[in-house]
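Working notes for the structure below.
Derivation of every value follows stated rules applied to the coordinates shown; laboratory data play no part. Keep in mind the model is a prediction, meaning the values are calculated, not measured. Cβ coordinates were reconstructed from backbone atoms using ideal geometry, including for glycine residues, and neighbour counts include every protein chain displayed.
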Number of protein chains: 2
Amino acid sequence: MRTAAIVLIGNELLSGKIRDENAAWLTGRLRALGVQLRRVVMIPDEPDVIVDELRRLAPTVDDVFTSGGVGPTHDDLTIESVAAAFGVPVVRSPRLEAILRAHFAERLRPDHLRMADVPEGTELIEGGEIRWPVVHFRNLWILPGVPQIFRAKFDAIADRFRDGAFFLRSVYLDADEGAVAPLLRALQARFAVEVGSYPRIDAADHRVRVTIEARAAAPVDAAAAALLESLPAEQVVRADEAARPAG
Amino acid sequence: MRTAAIVLIGNELLSGKIRDENAAWLTGRLRALGVQLRRVVMIPDEPDVIVDELRRLAPTVDDVFTSGGVGPTHDDLTIESVAAAFGVPVVRSPRLEAILRAHFAERLRPDHLRMADVPEGTELIEGGEIRWPVVHFRNLWILPGVPQIFRAKFDAIADRFRDGAFFLRSVYLDADEGAVAPLLRALQARFAVEVGSYPRIDAADHRVRVTIEARAAAPVDAAAAALLESLPAEQVVRADEAARPAG
């Protein structure tokens, strides 16, 4: 199963000045593509912290998506941190420099050219709806923090991550979570599925949402049937009709 | 300066079945209390992963807030993971057991009593609006994932984290971020402030929001005055009148 992690880089996220939209969005996209997201990390604009995090995380998953820190200002430190993490120099990309020169023309400032810098060994991926290439270095996909651009860039490369689908079926219960716990444990042990249990204390029509998931529909439906059979009818508020692709 | 980290535990967050509300909310609360949030991590319900994360993170900040994994079902693994991370046994708390027995009475099931288990050495904090104590172990605050309870529990202990305030002033520019980058860099070097720069590409009235922050108002206002003096008037869309407490 293809696995991924997301690294959000930016003091503005940790201080609450800007609320994350990128991880929230990418989580859903990865799910729909069948990729297992293993971790989301939000860290400050500090090279030491970024370097440590990338070194630790990159070997543990197939793909790491970074968000933020790639603009022209003093707090944009992702590129140099990626290079430092993997022991390669930062080099200026002639292709990115040409794009910047064409875009800014006589308005070009030296700081703009920082956006042409990449870790040595970077692959630039062009195509789709995007005007600027996606920066790909080893198993890292270095994306900008501005949500509209983050999304457009991911969508331009999304197809290469497709890896089957997850199938999901939810059962909504008017029951106490502790009372159904043994049943859920037995379900997870008996079928090749992942069972989740999510209590609610607000005004929803149910007190517990049970989710049953797997990489195929058949075990999900078999487990759901077993669950529904085992529960008193009055505890079942409603249930999905059948397993459906998640995401 | 008091520092903190947030650890969100739950497969449902990484699969996008449930969107995080707790870190988003706590980020703002910590900011208002003057606490510097250093990291937010979202990890799955897997003891090995939780143990590694807590061992690594706990020594690096003053306080770690965990969210999730403390209910009665098979996927609630936070307590045993905390105990394993710090090499202590899980013990049943007589106080929590008494609360559970009083609450559930004849509806009590064996799985409910899992919620009375804590790492040995845990302190229970009662008071405020909460019916159940907050579980405090070393520098960890073990909070539940259900947002309403998460918030009530944090609010019951919030005052003990208060540590001054951050002061913030924003300046909104119709300018290119790369063109103002040297000015922002000089500002950060000259004043004891943190300068942030956030480009927008949507229909907002400005193209860049510059933020100036510090632990006191005076340096923020001095830096803002210097910035406003240095910019052509037509580039300044609007600016906060004065530094104000952030959060």
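The per residue volume of the convex hull around the alpha-carbon atoms of segment A:76-138 is 88 Å³.
Taking amide H positions as modeled 1.01 Å from N, with prolines and chain starts lacking one, the residues under 5 Å from A:S93 and 5 or more places away or on another chain are A:D117, A:V118. Across the identical copies, the 7 Å label point of B:E21, projected outward along Cα→Cβ, sits 2.1 nm from its counterparts, in ascending order.
Kindly express, to the nearest 10 degrees and within the range 0 to 90, the angle between helix A:22-33's C-alpha long axis and the longest C-alpha principal axis of chain A. Here the helix axis deviates by roughly 60 degrees. Remark on B:A246: its backbone amide H falls under 5 Å from those of B:F166, B:F167, B:L168, a criterion applied only to residues 5 or more positions apart or on other chains, H modelled at 1.01 Å from N. Per-residue 3J(HN,Hα) values for segment A:61-70, derived from phi via the Karplus relation 6.51 cos²θ - 1.76 cosθ + 1.60 with θ = phi - 60°, read 9, 6, 9, 10, 9, 9, 10, x, x, 10 Hz in sequence order (x marks Gly and Pro). Summing +1 for each Lys or Arg and -1 for each Asp or Glu among the other residues whose beta-carbon sits under 10 angstrom from that of A:V210 gives +1.
Note on B:171-181: average number of Cβ atoms from other chains within 10 Å of each residue's Cβ is 5. Here the mean projected area of the convex hull built on the C-alpha positions of segment B:167-245 is 4.7 nm².
Averaged over the residues of A:8-19, the number of partner chain Cβ atoms lying within 10 Å of the residue Cβ comes to 6. Along segment B:182-196 the Karplus relation, 6.51 cos²θ - 1.76 cosθ + 1.60 evaluated at θ = phi - 60°, assigns HN-Hα couplings of x, 4, 5, 4, 5, 4, 5, 6, 7, 10, 7, 9, 9, 10, x Hz to successive residues, with x for each Gly and Pro. About the centre of its Cα atoms, chain B shows a dipole size close to 400 debye [charges on the beta carbon of Lys, Arg (+1) and Asp, Glu (-1) only; nearest 20 debye]. Inter-chain Cβ neighbour count for B:28-39, averaged per residue, equals 3 (cutoff 10 Å, partner chain atoms only). Working note: 222 nm ellipticity from helices only, DSSP H runs with n ≥ 4, each -39,500 (n - 2.57), summed and divided by the residues of chain A, gives -10500 deg cm²/dmol to the nearest 500. What sits nearest the axis between copies A and B, counting only chain A Cβ atoms, is the residue and whole-Å distance A:V41, 3.
Restricting the GluC sites (Glu not before Pro) of segment A:67-142 to loop positions (DSSP other than H, G, I, E, B) with no more than 15 neighbouring Cβ atoms within 10 Å leaves A:E120, A:E126, A:E129. Panel order for B:R169, A:R38, B:R200, A:R92, by other beta carbons found within 10 Å of each beta carbon, from fewest to most: A:R92, B:R200, A:R38, B:R169. Between copies, the label points at B:V88 (set 7 angstrom from Cα along Cα-to-Cβ) are spaced 4.6 nm, reported in nanometres from shortest to longest. Here A:R39, A:R238 are placed in order of increasing Cβ neighbour count within 10 Å, fewest first, which gives A:R238, A:R39. Derived from the Cα gyration tensor, the three semi-axes of the equivalent ellipsoid of segment A:3-161 are 23, 18, 16 Å, largest first.
In this structure, the amide hydrogen of A:A175, modeled 1.01 Å from its nitrogen in the peptide plane, lies closer than 5 angstrom to those of A:R207, A:V208, counting only residues at least 5 positions away or on a different chain. What separates the Cα centres of segment A:4-23 and segment B:160-225 is a distance of 18 Å. Taking every DSSP beta bridge that has both ends in segment A:3-161, the antiparallel portion is near 35%. Here is how far apart the B:E126 label points are across copies: 6.9 nm, shortest first, using a point 7 Å from Cα toward Cβ. Projection of the Cα convex hull of segment A:96-223, averaged over all directions and equal to a quarter of that hull's surface, yields 12.9 nm². When Rg and the Kirkwood Rh are both derived from Cα coordinates, the Rg/Rh ratio for the protein assembly as shown amounts to 1.00. Derived scalar couplings between HN and Hα for segment B:149-165 equal 6, 3, 5, 4, 5, 5, 4, 5, 10, 4, 4, 6, 9, 4, 8, x, 9 Hz in order, rounded to whole Hz, by the Karplus curve 6.51 cos²θ - 1.76 cosθ + 1.60 (θ = phi - 60°), x for Gly and Pro.
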